[in-house]
Amino acid sequence: MRVLAAIMVTALVAGCGGNRYDRSDSGMVTRFSSGPISRACLSSDRRARNPQLCGCIQTVANQSLSGADQRKASRFFADPQRAHDTWMSQSPSDDAFWERYKAFAARSEQSCRGY
């Protein structure tokens, strides 16, 4: 069952459109999304960042978060303290956002593993 789910997620992510393309050494063209999460990811100082990973994370964000949520989450890349403050906040809107963000992060980790 897990293998089938993994294949379905992979097929879904691979089939998602975007407006950026990457040509790998094998000659295959891979599509990936661009947006606020992808831009923040690419401009971050994390060693593991690359266009494929950041594009994959953006694809999951497009499926999981509203535009406003994506803009809010993209600020976490440059300011991790903002993420901590949001997590610690007692406001109902921040709590609701944090639940959506956690679900997005879990999906991203599962879907984008290997980039």
Which residue is nearest to the chain's Cα centre (by Cα), if the candidates are limited to region 59-75 and must be farther than 18 Å from Phe32 by Cα and in contact (Cβ under 8 Å) with a residue 24 or more places away in the chain?
Ala73
Out of region 74-100, which residues are farther than 23 Å from Thr59 by Cα and either touching a strand residue (DSSP E or B) at 6+ places or on another chain (Cβ under 7 Å) or exposed (fewer than 11 other Cβ atoms within 10 Å of the Cβ) (or both)?
Gln81, Met88, Gln90, Ser91, Pro92, Ser93
With respect to Ala48, is the statement that it is under 21 Å from Gln110 (Cβ atoms), under 14 Å from the mean Cα position of the chain (by Cα), modelled with pLDDT under 90 and surrounded by fewer than 19 Cβ atoms within 10 Å (Cβ to Cβ) true?
yes
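Does at least one position in region 34-45 carry a residue that is outside any helix (DSSP H, G or I), farther than 15 Å from Gly114 by Cα and touching a strand residue (DSSP E or B) at 6+ places or on another chain (Cβ under 7 Å)?
Yes, region 34-45 contains a residue that is outside any helix (DSSP H, G or I), farther than 15 Å from Gly114 by Cα and touching a strand residue (DSSP E or B) at 6+ places or on another chain (Cβ under 7 Å).
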Out of (1) touching a residue at least 60 places away in the same chain (Cβ under 8 Å); (2) more than 16 Å from Leu53 (Cβ to Cβ), the one Trp87 does not meet is (1)
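The values are calculated or read from the model by the stated rules, or taken from the named source; none is laboratory data. A quick note: this is a predicted structure, and the numbers were derived from the prediction, not measured. Because the Cβ atoms are built from the backbone with ideal geometry, glycine has one as well, and the counts that use them run over all protein chains shown.
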